[in-house]
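A.B. asks: If you scroll down you'll find the structure; I have some questions about it.
The values are calculated or read from the model by the stated rules, or taken from the named source; none is laboratory data. Remember, it's a predicted structure, so these values are computed and weren't measured experimentally. Counting neighbours? That spans all protein chains shown, and the Cβs are built from the backbone with ideal geometry, glycine included. Ligands, DNA and RNA are stripped out before the accessible areas are found, and what is left, the full protein with its side chains, is counted by its heavy atoms. Shrake-Rupley method; radii C 1.70, N 1.55, O 1.52, S 1.80 Å.
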Number of protein chains: 2
Amino acid sequence: MNKGIIDCDVHPMPQHIDEIRSYMQMPWKERHKGGGRGLFGNPVHGARLDAKPTNGGPEGSDPEFLREQHIKPFNVAHAILLPRAFCNLHPDPDFATAVAAAYNDWQADTWLGSYNPDGVFKGSITIAHQDPLAAAKEIERWAGHPHFVQVMTDSGARAPFGQRQYYPIYEACERHGFPLAIHPGTDGMGINIQPSPGYPTHYIEWHTCLSLAFQAHLVSFITEGVFERFPGFKVVMVEGGSAWLPTLMWRLDAEYKALRYEVPWVKRRPSEYLRDHVRVTSQPLERPDQDKYLLNTLEAMDAENIMMFSSDYPHWDFDSPKLTFPKLPETMRNRIFYENARELYKL
Amino acid sequence: MNKGIIDCDVHPMPQHIDEIRSYMQMPWKERHKGGGRGLFGNPVHGARLDAKPTNGGPEGSDPEFLREQHIKPFNVAHAILLPRAFCNLHPDPDFATAVAAAYNDWQADTWLGSYNPDGVFKGSITIAHQDPLAAAKEIERWAGHPHFVQVMTDSGARAPFGQRQYYPIYEACERHGFPLAIHPGTDGMGINIQPSPGYPTHYIEWHTCLSLAFQAHLVSFITEGVFERFPGFKVVMVEGGSAWLPTLMWRLDAEYKALRYEVPWVKRRPSEYLRDHVRVTSQPLERPDQDKYLLNTLEAMDAENIMMFSSDYPHWDFDSPKLTFPKLPETMRNRIFYENARELYKL
């Protein structure tokens, strides 16, 4: 007698994911929509709610809307664009390199091309740092372009950025006068190591600790002697915080006093490399209750010479050019909001 | 014809490891002696060269020598002892727990027993945090002992310390009034995750970045709501640096403003938990070129109420009670060098 067959692996699917969500309580229901701490969302909202373009596209996708909402009201002379390709988390370096190249071609055609008659937009060459030789070629490909002003990669990585495997990237950056911008967002994702003693639980914890990778990368750049090996190479630390900078340098300078014999290629006090080689963007600016602590910290890090304003438009943790800083000395304000970037990017 | 046999795996050994070292150049030769960045050495020297006891034993092993060199000259009323069992890096929790227990028994017999007629020495209960239930039992075992004043563990870990698996430890600490001291030294070793985006290359880099694990653990304690769940629980961060504390709290407070909905069990601003629940020891004190920056940082972190002096005797990066700090306001100095520890440890 034929009793039929038993299939031991069949996959049912909801007609819409909301069917599943209808069985969840808040706040899990809302968080599941945001993608948890996945690539494309956070438990609150990834972008400013008011940054949705009138044409219905994603936030930051409409150049005219962006000009109206951000460029004109704040008198932004140049916006340094950092598209988010998320290619640095992928195990396949060929795929990652292809994604990076596509973002660069797209950027050249649109934001740095047809969207950019007045040259207000300046772009970043996305690279896949998993394959430094391919990344160096991608940098070559854009050398001399009038609107690409820097190379960019993610702080998420499998090894600190001072290490030797990355040097083809730095050599290409130095040769073509491109600073390397490092931006957070793929830390602990895909192939990248989470820079904490184990994986954080919540988005607030993960997001707060994004600054840790920057601290580790900076110590690595300096102690490995990258700035001695590539004297024209410059690094821009974007959205990694900045207030930790002076105290980390006090710590590293003290270690150097005792341990310099281990790293004889480090010729100067670690903190001395900052002014010549490192710039830090301002957002998210750490704001204590009392302005005097922030002003003291800005002075201690020589913000007047190394900090550059950034807003992170259109993301949720946007810093307004008008509201973010307390009253600054005139020279410091001018250098942070204009001169330091003009000099670095030769604008 | 018997041609004999060929053995394809035979191990030759030098008669002494110096035979191998005679083929190395400096500085590798010296570093190989120190154990590289292994457990028991650093490329310079693990202990003060002048801390070798006259009886020839290891530094820190002779109570009379320690009294003569450190306790008497600096008028130390109590020395809080933190033995280094290195048990938190072992994959076998039973072995790790046995090592921890042995260190506690030894401590009770010697430094807190026969070496301690005047009670100057106060001890730390070593635990293996890989096995929180066994650790809680070990804490129970010493409850009521007159000279154990805290529990201690390493900052090296496989998960941030706010996470739930550790709660039996915190419950036991709270029940018996023991603060939990966290001390660096096994980060990235054995089973422990290295709190950087990949492994650092040099000792100076690894050692500088020891503060990163403390930053991650502190954020985890607060965002997971440990101090709400265990209102009597206190944490002492030992040798993890301190100057990063205010700026990390500015950052976390700002994140909390936007993301508090994700962690509704965090009832107060993150930074507000410090005064009630967290103490930080002073060594290695970050010293900038200008004292005003340090004084500002001490004020910003409320060092007067949360910092406790520590020397790290007999290690190479010892901070002298006389030389380490700039001139402090009298009340702050008294609280850092005495009162904060007296209150915490009920001395």
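A.B. asks: Please check: in the Gaussian network model of chain B (C-alpha springs, under 10 Å), which one of B:157, B:258, B:300 has the largest mean-square fluctuation.
C.D. replies: Its mean-square fluctuation being the largest, the pick is B:258.
A.B. asks: Here's something else I'd like to know. Is there a simple number for the mean count of other chain Cβ atoms within 10 Å of the Cβ of residues in A:156-164, and what is it?
C.D. replies: On the way: counts 1, 3, 3, 6, 9, 2, 4, 4, 1.
Mean shielding by partner chains, rounded to a whole number: 4.
A.B. asks: A further question follows. Given the pairs B:292/B:346; B:122/B:322; A:52/A:72; A:327/B:257, which are separated by over 26 angstrom at their Cα positions? Working shown, then result.
C.D. replies: Details: B:292/B:346 33 Å; B:122/B:322 22 Å; A:52/A:72 17 Å; A:327/B:257 22 Å.
Checking Cα-Cα distances, B:292/B:346 exceed 26 Å.
A.B. asks: 5 Å is the cut-off here: which amide hydrogens, built 1.01 Å from N in the peptide plane, fall below it relative to residue B:235, excluding neighbours closer than 5 in sequence?
C.D. replies: Those qualifying (amide H under 5 Å, at least 5 residues apart or on another chain) are B:180, B:278, B:279.
A.B. asks: Please build a GNM for chain B, connecting alpha carbons under 10 Å apart, and tell me which residue among B:279, B:251, B:84 fluctuates the most.
C.D. replies: Sorting by GNM fluctuation, first place goes to B:251.
A.B. asks: Starting from the residue with the highest accessible area, list B:13, A:152 in decreasing order, probe 1.4 Å. Intermediate results must be reported in sequence, preceding the final value.
C.D. replies: On the way: B:13 160, A:152 5 Å².
My answer, sorted largest first, is B:13, A:152.
A.B. asks: Hey, rough spin-label estimate for residue A:18 and residue B:322, points 7 angstrom out along Cα→Cβ, what's it come to in nanometres?
C.D. replies: The modelled label-to-label distance comes out at 7.6 nm.
A.B. asks: While we're looking at this one, here's another question. Could you order B:8, A:87 by accessible surface area, starting with the largest, using a probe radius of 1.4 Å? It would help to have the intermediate numbers written out before the result.
C.D. replies: On the way: B:8 125, A:87 5 Å².
So, going from the largest accessible area down, we get B:8, A:87.
A.B. asks: Another one. Rounded to the nearest 500, what is chain B's calculated 222 nm mean residue ellipticity when only DSSP H runs of at least 4 contribute -39500 (n - 2.57) each, over all residues? All intermediate terms of the calculation are to be shown ahead of the outcome.
C.D. replies: Working: 15 runs with 123 residues, N = 347.
Dividing the helical sum by the residues of chain B leaves -9500 deg cm²/dmol.
A.B. asks: If packing is taken as the average count of other Cβ atoms within 10 Å, what order do A:203-209, B:223-229 fall into, highest mean first?
C.D. replies: Values: A:203-209: 25.0, B:223-229: 21.0.
Answer by packing, highest mean first, reads A:203-209, B:223-229.
A.B. asks: If you average the sequence gap of Cα pairs under 8 Å that are 6 or more apart and divide by the length of chain B, what percent do you get for the contact order? Provide the component values of the computation, followed by the final result.
C.D. replies: Values: 502 pairs, mean separation 45.3, N = 347.
Relative CO of chain B lands at 13 percent.
A.B. asks: Moving on to the next point. For label points placed 7 Å from Cα toward Cβ, what is the shortest-first list of nm distances from residue B:145 to its copies?
C.D. replies: 6.4
A.B. asks: Something else now. Solvent-accessible area of residue B:267, probe 1.4 Å, all protein chains present, reported in Å² to the nearest ten, please.
C.D. replies: Taking all protein chains as shown, residue B:267 has close to 140 Å².
A.B. asks: Keeping all protein chains in position, work out how much accessible area residue B:131 exposes to a 1.4 Å probe, and write it in Å² to the nearest 10.
C.D. replies: 40
A.B. asks: Sticking with the crude label model, points 7 Å out along Cα→Cβ, report the distance from residue A:30 to residue B:334 in nm, one decimal please.
C.D. replies: 5.0
A.B. asks: Counting only DSSP beta bridges with both residues in chain A, tell me the antiparallel percent, nearest 5.
C.D. replies: Values: 1 of 19 bridges.
Beta bridges within chain A, antiparallel portion: roughly 5 percent.
A.B. asks: Just to check I understand the Karplus step: with θ = phi - 60° and J = 6.51 cos²θ - 1.76 cosθ + 1.60, what whole-Hz values come out for the stretch B:167-184, glycine and proline as x?
C.D. replies: 4, x, 5, 5, 5, 5, 4, 5, 4, 9, x, 9, x, 9, 8, 10, 10, x
A.B. asks: Spin-label point model (7 Å from Cα, Cβ direction): what's the residue A:95 to residue B:118 distance in nm?
C.D. replies: Those two pseudo-labels are separated by 6.9 nm.
A.B. asks: Report residue B:275's accessible area, 1.4 Å probe, all protein chains in place, as a number in Å² to the nearest 10.
C.D. replies: Per-residue accessible area (residue B:275): approximately 130 Å².
A.B. asks: Here is a follow-up. Quick one: which residues, 5 or more positions from residue B:92 or on another chain, have an amide H under 5 Å from its amide H? H modelled 1.01 Å from N in the peptide plane, none for Pro or chain starts.
C.D. replies: Placed amide hydrogens put nothing under 5 Å from residue B:92.
A.B. asks: Sort out for me the Cα centre separation of the stretch A:114-134 from the stretch B:290-347, rounded to whole Å.
C.D. replies: Answer, in whole Å: 48.
A.B. asks: Right, next: Using a 1.4 angstrom probe on the protein heavy atoms only, could you order A:315, B:129 from most to least accessible area? Provide the component values of the computation, followed by the final result.
C.D. replies: Numbers: A:315 60, B:129 10 Å².
So, going from the largest accessible area down, we get A:315, B:129.
A.B. asks: While we're on this one: Between copies, how far apart are the residue B:291 label points? List them in nm, one decimal, shortest first, with each point 7 Å from Cα toward Cβ, please?
C.D. replies: Label point to label point, same position, other copies: 2.8 nm.
A.B. asks: Set the Förster distance to 30 Å, then compute FRET efficiency between residue A:275 and residue A:143 from the Cβ-Cβ distance, nearest 0.05. Could the numbers behind the result be given before it?
C.D. replies: Numbers: r = 26 Å, r/R0 = 0.87.
Efficiency, rounded to the nearest 0.05: 0.70.
A.B. asks: Can you tell me which of B:198, B:188, B:241 moves the most in a GNM of chain B? Springs connect C-alpha atoms under 10 Å apart.
C.D. replies: Among B:198, B:188, B:241, the largest mean-square fluctuation in the Gaussian network model of chain B belongs to B:198.
A.B. asks: Oh, and also: Of all accessible surface on the stretch B:228-321 at a 1.4 Å probe, what whole percent is carbon and sulfur? Before the final figure, lay out each step's value.
C.D. replies: On the way: 1550 of 3280 Å².
Its accessible area is 47 percent carbon and sulfur atoms.
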